[in-house]
Amino acid sequence: MPLRTALLFVLPALALFGVFILYPMFTALSYSLFEWGGTKRGGFVGLGNFSTLFTAEPFVSTVPIALLHNVLFFLGTMLIQNTVGLGIAFLLFRRSSTRRALQVLYAIPYLVSPIVIGYLWTLLLSPAFGPVNAALKGIGLDGLALPWLGDPDLAIWAVIAISVWQWIGFPVLLYGAALGGIPEELSEAARMDGASNWMTFRRILLPLLTPAIGTVSVLTFIFAMEAFALPYAVGGSTGSPAGATDFISLVFYRTAFESGDPNRIGTSSAMAALLFVLIFGGALLATWALRRVERRVMS
Amino acid sequence: MTATLDRPTPSAPTPPDPRQSRHRRSITPPVGGRIGSTALWTYAIIALIPLLLMVWNSFRTNRDLVTNPLGAPFPPNASSYRTAWTDGSMAQYFVNSVIITVGAVLLSTVVATMASYALARSRSKVIRVIEGLFLSGLMMPIHLAILPIFYLFDSLGLINSLFGLVLLYGASGVPFSIFVLSTFFRQLPAELEEAAQIDGANAWQTFVKIMLPLVRPAVVTVAVFRFVPIWNDFLFPLVLLRDSDKYPLPVGLTSFFAENSANYSAIFAGLVITTLPLIVLFLLATKQIVAGLTAGMSK
């Protein structure tokens, strides 16, 4: 196809993508380097807005806690999704008759909006009338009937559990696809040699799944760092109770759109830039580490 | 990735070996035996029970919910739906969601299909650079550009406009759609176009009459798969819309939740209304959704 024709075909997509995604993405960083008076741009302050985040109230107290919650959220989801998700995918692996049906059932929760999921669990876990605590009491586990989302020590773990419940079908599908891509001859040969299911998994399948595990981990990382709608539904924009479900995206939202701070554009842009670097840097680092592991496993 | 997508079936009889290897798999017993099956079905119940409770409780009266958390919805009472649909303006939110989602999916699918065709058929360096630009969008956390997007919308007069959201979501869908569709176009034999050219068709006619019908399964996959995140998105409409009569369901739900914080039954109905279209879509297009989710995974 000649270049001119090709360009005509590409032009509408490029114009749309350029104006609404690329241009804002590229200007986002520059916002953080200036001082702002309302919506009017002031002088260049270099990294001044970034230092505000680490020295001035309320950021100096909210940002580290929120960031810690993001990290806990990432570690928790990642740990559970990689072990439980992989376990389920492995159990499903040779059940050709029921695999598709089960995969579909596991996938349904993640079609639902995180806002709906957040509100749904807020109601289900309610200490007053929630069916979860009522059921726990019904089977004699009164000690476990706790105010899951109302207790500052428990809330973040409850949020992690809700998110894992919603998303577990995703790693199940991805690991299922990866397991399906491994030649059957390999595990058959191991069986002939007398290896148990566990040995076959540990020694043959797991190393070959490294790329899939890496993909799931990187996606989980990006997802965890961006988490917004679920915590918003569970704890409002302030992360109640007592900031226990605060996330960095919530701090960003409050700063940019709910604070009267005259320099809100500057500080919230610095937060966005920081998060951007964290996500991109983290994803790059993970990909690099993954390549190394892969090379070692494959050789 | 192509293994997970429906390919246009070649007219010549295909060698039967891929099917055979799948059959052979069933000789090796599934992992975990009966205990494994029980565990898998138990998890399926855990995955679905909260969603079933959501539907279940929406058909009970609020009084009944509060006094008997584990009660049954008999006789079913649909009055909470009336509260949500008319008093709670969920009908208005629903229409807004449909306008935004359908508009954006149509827009990004049309422009991305055109662009993908050119990306697959041109060997020019310029086109390669543009393709790289599009694909980089797959990794961009675009929610972080919300401030520049806000001010861009402000300068274009698109704040508080459903059309603005259609443009934004249309643009944000371009990378994924191009990613899936361009690999699909690449599999189509170039002879088809040469034949069409000899018959006197120009590039546009070849695209519409010859290529488009062949990639229809992939186009459907992309459209269905883009529908879900746009329908569920929360941050963009929260920030970019002002009047509540413009809200789509997820944002409308937050004001509905605040207004009916004591009427749990109505909230359950609101959650069901927000989720229903996705479940319908899922039942109609399970295969496309699963294919879209695993796109890019298996080799």
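The values are calculated or read from the model by the stated rules, or taken from the named source; none is laboratory data. As the structure is a computational prediction, the values presented were derived from the model and not from experiment. Please note: Cβ atoms are built from the backbone with ideal geometry, for glycine as well, and neighbour counts cover all protein chains shown. Ligands, DNA and RNA are excluded from the accessible area calculation, which covers all protein heavy atoms including side chains. Shrake-Rupley method; radii C 1.70, N 1.55, O 1.52, S 1.80 Å.
Restricting attention to region A:1-54, which residues are closer than 30 Å to A:Gly260 by Cβ, facing chain B (nearest Cβ under 9 Å) and not in a helix (DSSP H, G or I)?
A:Thr39, the sole residue that qualifies.
Among A:Ser217, A:Ser187, which is in a helix (DSSP H, G or I), among the hydroxyl-bearing types (Ser, Thr, Tyr) and more than 24 Å from A:Ser96 (Cβ to Cβ)? Lay out the reasoning, then the answer.
Details: A:Ser187 fails: more than 24 Å from A:Ser96 (Cβ to Cβ).
One residue alone meets the criteria, A:Ser217.
Name the one entry in B:Val66, B:Val126, B:Val98, B:Val110 that is more than 13 Å from chain A (Cβ to nearest Cβ) and surrounded by fewer than 23 Cβ atoms within 10 Å (Cβ to Cβ). Quick ask: steps written out before the conclusion?
Details: B:Val66 fails: more than 13 Å from chain A (Cβ to nearest Cβ); B:Val126 fails: more than 13 Å from chain A (Cβ to nearest Cβ); B:Val110 fails: more than 13 Å from chain A (Cβ to nearest Cβ).
The unique qualifying residue is B:Val98.
For region A:155-184: of the residues being surrounded by fewer than 17 Cβ atoms within 10 Å (Cβ to Cβ) and assigned to a loop (DSSP other than H, G, I, E, B), which is farthest from the chain's Cα centre (by Cα)?
Selected residue: A:Pro183.
Return the pair list, or none, for Cβ contacts closer than 7 Å from residues in region A:71-92 that are farther than 14 Å from B:Gly32 by Cα to residues that are small (Gly, Ala, Ser) and not in a helix (DSSP H, G or I), at least 6 apart or on different chains.
A:Phe73/A:Ala227
Mind listing whichever residues of region A:244-266 are within 11 Å of chain B (Cβ to nearest Cβ) and open to solvent by less than 40 Å² (accessible area, probe 1.4 Å)?
A:Ile248, A:Ser249, A:Leu250, A:Phe252, A:Tyr253, A:Thr255, A:Ala256, A:Ile265, A:Gly266
Output the residues belonging to region A:267-289 that are within 10 Å of chain B (Cβ to nearest Cβ) and of a type in the set (Gly, Ala, Ser).
Result: A:Ser268, A:Ser269, A:Ala272, A:Ala273, A:Ala283.
Do we have A:Met225 as at pLDDT 85 or above and either facing chain B (nearest Cβ under 9 Å) or open to solvent by 50 Å² or more (accessible area, probe 1.4 Å) (or both) here? Lay out the reasoning, then the answer.
Details: at pLDDT 85 or above: yes; either facing chain B (nearest Cβ under 9 Å) or open to solvent by 50 Å² or more (accessible area, probe 1.4 Å) (or both): yes.
Answer is yes for this residue.
Going residue by residue through region B:79-96, is there one that turns out to be modelled with pLDDT under 90 and touching a Ser or Thr at 6+ places or on another chain (Cβ under 6 Å)?
Looking through region B:79-96, at least one residue is modelled with pLDDT under 90 and touching a Ser or Thr at 6+ places or on another chain (Cβ under 6 Å).
Hey, can you tell me all the residues within region B:268-297 that are facing chain A (nearest Cβ under 8 Å) and either modelled with pLDDT under 80 or part of a loop (DSSP other than H, G, I, E, B) (or both)?
Answer for region B:268-297, where residues must be facing chain A (nearest Cβ under 8 Å) and either modelled with pLDDT under 80 or part of a loop (DSSP other than H, G, I, E, B) (or both): B:Thr286, B:Ile289, B:Val290, B:Leu293, B:Thr294, B:Met297.
Can you say whether B:Leu158 is more than 13 Å from B:Thr101 (Cβ to Cβ) and in a helix (DSSP H, G or I), as far as the supplied structure shows?
Numbers: more than 13 Å from B:Thr101 (Cβ to Cβ): yes; in a helix (DSSP H, G or I): no.
Criteria not met by B:Leu158.
Go over the candidates B:Phe185, B:Phe207, B:Phe179 one by one and state the one that is assigned to a helix (DSSP H, G or I), open to solvent by 50 Å² or more (accessible area, probe 1.4 Å) and among the hydrophobic types (A, V, I, L, M, F, W, C). Steps first, answer last, please.
Numbers: B:Phe185 fails: open to solvent by 50 Å² or more (accessible area, probe 1.4 Å); B:Phe207 fails: open to solvent by 50 Å² or more (accessible area, probe 1.4 Å).
It is B:Phe179.
Looking only at region B:229-267, count how many residues are at pLDDT below 90, in a helix (DSSP H, G or I) and aliphatic (A, V, I, L, M).
1
Looking only at region B:238-250, which residues are within 11 Å of chain A (Cβ to nearest Cβ) and either in contact (Cβ under 8 Å) with a residue 24 or more places away in the chain or among the small types (Gly, Ala, Ser) (or both)? Give the steps one after another, and end with the answer.
Going through region B:238-250, the residues within 11 Å of chain A (Cβ to nearest Cβ) turn out to be B:238-240, B:248-250.
Hits for region B:238-250 are B:Val239, B:Leu240, B:Pro248, B:Leu249, B:Pro250.
Sort through A:Ala224, A:Ala195, A:Ala212 and tell me the only one that's closer than 30 Å to A:Leu91 by Cβ and outside any helix (DSSP H, G or I).
One residue alone meets the criteria, A:Ala195.
Would it be correct to say that A:Phe20 is among the hydrophobic types (A, V, I, L, M, F, W, C) and under 30 Å from A:Val164 (Cα atoms)?
Taking the combined requirement at face value, the residue does not satisfy it.
Residue check, B:Leu167 against (1) surrounded by fewer than 22 Cβ atoms within 10 Å (Cβ to Cβ); (2) more than 8 Å from every other protein chain (Cβ to nearest Cβ), all met but one. Which one?
Failed condition: (2).
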